[in-house]
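Accompanying notes for the structure given below.
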Amino acid sequence: MVRRISLWQRYQQLNVWNKVGFWGAIASVIGLMLYLVVGSSISQMVLMQNTPGSTIVQSGRDTIINQGLSHQSRIQSIVLEGRLTCSVYSGAQIPPPEVPFVMLSDGHAYLEGPPGRFRLEFSSPVRFHRQDDGQTVVINRFSLPASSDLNQRPITVLEQFEILKIPSVTIVYGDVLNEMKVFEVTMAVNGIDTWSYVYDLHSAPFKQGVVFTLPLDTLRRRVELLR
């Protein structure tokens with residue numbers, strides 16, 4: 001019959017040096033656990049303190065920091081992206097994914113309202129995204145020039161603008177586009193998605209050089225929420 005020895009009895013059979021090694025191993029494990037728990041908390045605290053204007057959302061053990069805008073923020077950058085979804089004529093040549101283009105005419109976007117008329121310059125290249133349903137999305141980007149008087153103005157000035165005029169630049173590939181389905185615009189201020197707009201075009205015939213005029217009511221309300 002095999003005699004079973006308890007853990008306590010095994011411990012009592014250890015010599016002095018083995019007992020010292022046993023407690024040293026336990027201390028190392030406890031120290032490692034404290035380092036992982038406390039060190040992680042300290043890192044999160046430092047990150048929170050060094051993120052001005054951040055919104056902290058904690059759920060369980062996960063801490064999410066969302067650096068947002070406030071009414072005290074100043075404009076450092078504005079980037080627009082326009083996405084025009086179109087059907088394509090049957091058998092037409094499909095545009096390449098990216099086409100570099102130098103704007104020689106006035107193919108820029110504009111914010112207009114009481115503060116004035118401010119240009120957002122076209123940014124090359126023009127992108128063409130072919131969807132699984134056969135439709136093509138024409139993607140244009142526009143950005144606020146570094147020399148613009150709108151730079152460093154309080155972000156609350158954006159609530160005073162009334163309309164956005166934004167073209168859809170298709171270069172030489174407008175002839176392959178048949179009907180316009182939907183036009184979508186997103187605006188990022190200081191690198192943060194701030195406003196979006198979806199314009200259902202109800203399969204309107206494509207027009208070369210089309211410029212969309214969009215109301216900015218929803219942008220105004222979005223900025224008002226920052227107060």
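What follows is calculated from the coordinates using simple rules that are stated; it is not laboratory data. What you see is a predicted model; the values in this text were computed from it and never measured. Ideal geometry is used to build each Cβ from the backbone, glycine not excepted, and the neighbour counts take in all protein chains shown.
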Checklist entry - Across segment 188-216, which residue is nearest to residue 141 (Cα to Cα) among those that are out of contact with any Leu (no Cβ under 8 Å at 6 or more places or on another chain) and of a type in the set (S, T, N, Q)? => result 196
Checklist entry - If you go through segment 138-160 one residue at a time, do you hit one that is more than 19 Å from the chain's Cα centre (by Cα) and farther than 20 Å from residue 77 by Cβ? => result yes
Next on the checklist: Could you go through segment 78-92 and let me know if any residue there is polar (S, T, N, Q), surrounded by fewer than 15 Cβ atoms within 10 Å (Cβ to Cβ), touching a residue at least 24 places away in the same chain (Cβ under 8 Å) and assigned to a loop (DSSP other than H, G, I, E, B).
Outcome noted: no
